[in-house]
Amino acid sequence: MFIDSIEIILSSGNGGKGAVSFRREKFVPLGGPDGGDGGKGGDVIIVCDNNAHTLANFKGKKKLSAKNGLDGDKKNKSGKSGADLKIKVPQGTQVINCETNELLCDIVGENSHAVLLKGGKGGLGNAHFKSAKNQRPNYAQAGISGQSLRVRLELKLIADVGLVGYPNAGKSSLISVLSNARPKIANYEFTTLTPKLGLVEFDEYNSFVMADIPGIIKGASKGKGLGLAFLRHIERTHFLLFVLDFTREMSLKDQLFSLQAELGSFSQELRKRAFGIVLSKSDAVNLSKEFKEKFSQEQVKLSEFLDKNNNPQKFIIALSSLEKKGLKELKTALQKQLG
C-alpha cells in the first residue's frame, strides 16, 4: 500500500525525578545526603531509512513516544536515561507542524537525521543541595517533562526526471520500456493510481531515476482526478518530461498549455522548471494517411506555440514505446540535461 501523508503525535520522554536519600552505613554516623539525579528523557529523532519507499509503517498509529528517564537512587546513583525514539522515514520525507504548518525538517540525504524533540532533563538529587547552612536537604528536583507535538509526515519522492501527462498518454508504457519499473498498463484512463519510480540505465557508469505520477486532468490543482494528491512528488525532480498523445482529441499545443497551467496553479516553481517533450504513440501515424497528416500539423502548431511563448523546453522527441523507437534518442537527451 502506498501512503505518502500521515498525521501522528510524537512525544519525547520525561526526565526522571532526583532522589532524596541519606547515607546510612556502619561506622559513618554523620552520613550526608546521597540522592542521585534523575535520568534524561529520550529524544525523538527522525532518521532516513534507505530501504523504505512509503509511510505505510505508520498506518493506524496515532501516537509514538520516547521512553522516560528513570528516577535517581541512593548512593548517588543517577537514573538511566530513557531510550530515544527513532522514527525511520523514506528519503524525501518532510515533517510539518500541524498547527502552524511550519516545516520542521526535511530528510533528503541518504544519511539524513534530525532531532525533532529533546527529552526532558532529569531532576537533581538532594546531594546537590547540601551546604554549610543546610546539612540535611530533604528535597530534590522533579524531572522536566518531555515535549509533545502533532506533526504531518509528507513524502515527496526524489527523482531526476518527472513524467507529466494526461491519463492514458503513454507514461506507464514509457517508464516500463526505459527503466526497471513495471507499472500496470491498460487501455483505459487512470491505470496509474500511485507514483512509480524507475531506474534508467544510460551506460555502464551513468543512470538516473524517473518518476511517474497518476495522470493530470484539467482542474487537478483544484482537486479533480488523482493528479493533485501526487503533484508534490514531482516538486523535487530536476527535469520535467511532458508526455503528449497526438491521438487524443485535444491538440498537442492545448495538452501542453493545460498541463502547464495545472502545474503553475500548484507551484510557480514547477511552472518555470526546464522540460522536454515526447510525442508518444508515434507508431499510430502508420495506421492511416489522416493520422500522418494530423501528426505533422500538430508538431508544427506545437513548435510555433513554444517559440511564441519562449518556453524553456530543451527538446521535442517523437517516440513509440510499443515499437521501441526514439528511446535511445530520449535517453541521450535526458542524460545531457542531467549532466
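The values are calculated or read from the model by the stated rules, or taken from the named source; none is laboratory data. No experiment lies behind these values; they were computed from the predicted model shown. Here Cβ is always computed from backbone atoms with ideal geometry, including for glycine, and neighbour counts include all displayed protein chains. For accessibility, only protein heavy atoms count, side chains too; no ligands or nucleic acids. Shrake-Rupley method; radii C 1.70, N 1.55, O 1.52, S 1.80 Å.
Could you count how many residues in the range 114-123 are outside any loop (DSSP other than H, G, I, E, B) and crowded, with 16+ Cβ neighbours inside 10 Å?
So the count comes out to 2.
Kindly indicate the residue of the range 1-47 that is in a strand (DSSP E or B) and polar (S, T, N, Q) and also modelled with the lowest pLDDT among those meeting that condition.
Within the range 1-47, the subset in a strand (DSSP E or B) is 5-11, 22, 25, 28, 33, 44-47.
Filter again for polar (S, T, N, Q), leaving 5, 11.
Numbers: Ser5: 85, Ser11: 97.
If we take residues in the range 1-47 being in a strand (DSSP E or B) and polar (S, T, N, Q), then Ser5 is modelled with the lowest pLDDT.
Could you give me the residue pairs with C-beta distances under 6 Å whose first residue belongs to the range 323-335 and is within 12 Å of Ile175 (Cβ to Cβ), whose second residue is open to solvent by 20 Å² or more (accessible area, probe 1.4 Å) and among the polar types (S, T, N, Q) wherever it lies, and which are 6+ apart or on separate chains?
none
Given the conditions (1) open to solvent by less than 40 Å² (accessible area, probe 1.4 Å); (2) at positive phi, and given that Gly32 satisfies all but one, which numbered condition is not satisfied?
(2)
Evaluate the range 124-143: report whether one residue or more is out of contact with any Phe, Trp or Tyr (no Cβ under 6 Å at 6 or more places or on another chain), free of Cβ contacts under 8 Å to residues at least 24 places away in the same chain and either assigned to a strand (DSSP E or B) or of a type in the set (Val, Ile, Thr) (or both).
The answer is no; no qualifying residue exists.
Consider Arg271 carefully, then state whether it is surrounded by fewer than 19 Cβ atoms within 10 Å (Cβ to Cβ) and part of a loop (DSSP other than H, G, I, E, B).
no
From the residues in the range 128-165 that are open to solvent by 70 Å² or more (accessible area, probe 1.4 Å) and hydroxyl-bearing (Ser, Thr, Tyr), which one is farthest from His238 (Cα to Cα)?
Tyr139
Considering every residue within the range 279-297, establish whether at least one is surrounded by 13 or more Cβ atoms within 10 Å (Cβ to Cβ), hydrophobic (A, V, I, L, M, F, W, C) and touching a Leu at 6+ places or on another chain (Cβ under 7 Å).
Scanning the range 279-297, I find at least one residue that is surrounded by 13 or more Cβ atoms within 10 Å (Cβ to Cβ), hydrophobic (A, V, I, L, M, F, W, C) and touching a Leu at 6+ places or on another chain (Cβ under 7 Å), so the answer is yes.
On the given criteria, is Ile45 closer than 28 Å to Leu117 by Cβ, in contact with a Phe, Trp or Tyr (Cβ under 7 Å, 6 or more places away or on another chain) and surrounded by fewer than 22 Cβ atoms within 10 Å (Cβ to Cβ)?
Judged against the criteria, Ile45 is not a match.
Which is closer than 21 Å to Val209 by Cβ and crowded, with 17+ Cβ neighbours inside 10 Å, of Leu319, Leu302, Leu338, Leu252?
Leu319
Are there any pairs with C-beta distances below 6 angstrom linking a residue in the range 81-97 that is farther than 17 Å from Asp43 by Cβ and modelled with pLDDT under 95 to a residue that is open to solvent by less than 10 Å² (accessible area, probe 1.4 Å) and not in a loop (DSSP other than H, G, I, E, B), with the two at least 6 apart or on different chains, and if so which?
Pro90/Leu155; Gly92/Leu155; Thr93/Ile107; Thr93/Leu153; Thr93/Leu155
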